[in-house]
1. Taking 35 Å as R0, compute the FRET efficiency from the Cβ-Cβ separation of ILE93 and GLN34 and round it to 0.05.
2. When a footprinting reagent is the concern and you count Cβ atoms within 10 Å, what order do PHE18, PHE35 take, fewest first?
3. Could you go through the range 60-70 in sequence order and give the Karplus-derived ³J(HN,Hα) for each residue, using 6.51 cos²θ - 1.76 cosθ + 1.60 with θ = phi - 60°, rounded to whole Hz, and x for Gly and Pro?
4. Semi-axes, largest first, in whole Å: what does sqrt of 5 times each Cα gyration tensor eigenvalue give for the chain?
5. Using Cβ counts within 10 Å as a stand-in for footprinting exposure, how do GLU112, GLU81, GLU6, GLU56 rank, fewest first?
6. Using θ = phi - 60° and the Karplus curve 6.51 cos²θ - 1.76 cosθ + 1.60, what whole-Hz ³J(HN,Hα) does each residue of the range 97-110 get, with Gly and Pro shown as x?
7. Given labels modelled 7 Å from the Cα in the Cβ direction, how far is it in nm from ASN122 to ALA42?
8. Label points 7 Å out from Cα along the Cβ direction at SER24 and TRP4: separation in nm?
Amino acid sequence: MVGWFEIPTSDFKRAVNFYESVFSVKLTVQDLGQFKMALFPATDKHGAAGALVNFEASYTPSDEGVLIYFISPSDDLAKEEAKIVSSGGMVLISKRMISENMGFMGLYKDTEGNRFGIRSKN
């Protein structure tokens, strides 16, 4: 049911570098003057599309509120988790099994102070 998500940034370039490094992807940057977006690659395999956003008037990073979980592109979130601290983020909950049927999850904080999760089958 989720059709789109936006992750607030305070330092747009730093946030783009963080997510590109952790997920080994290239985000598509759109500079609309005061409003900037960096679009995550969208595929049917990885669910809803979304973007990093920077617009001081209405976007403030936070570790409270909605929690977004990314699907591990490597299918083993330990690979992404290994890049989080070296990319400037924090590990809040290290990789752990949810259940044998549901796989694994981890919880993290990005360079902007937003919480996010990663899930994988392995």
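1. Given R0 = 35 Å and the Cβ-Cβ separation, E is 0.50.
2. Starting with the residue having the fewest Cβ neighbours, the order is PHE35, PHE18.
3. 10, x, 7, 9, 10, x, 4, 10, 9, 10, 8
4. Here the semi-axes work out to 24, 15, 13 Å.
5. GLU56, GLU6, GLU81, GLU112
6. Result, rounded to whole Hz: 6, 7, 6, 4, 6, 9, x, 10, 8, x, 10, 9, 10, 7.
7. 2.9
8. Reported label-point gap for SER24 and TRP4 is 3.0 nm.
Every read-out reported here was derived from the displayed coordinates using simple, explicitly stated rules and does not represent laboratory data. None of the values given here were measured: they were computed from a predicted structure. Cβ atoms come from the backbone with ideal geometry, glycine included; neighbour counts cover every protein chain shown.
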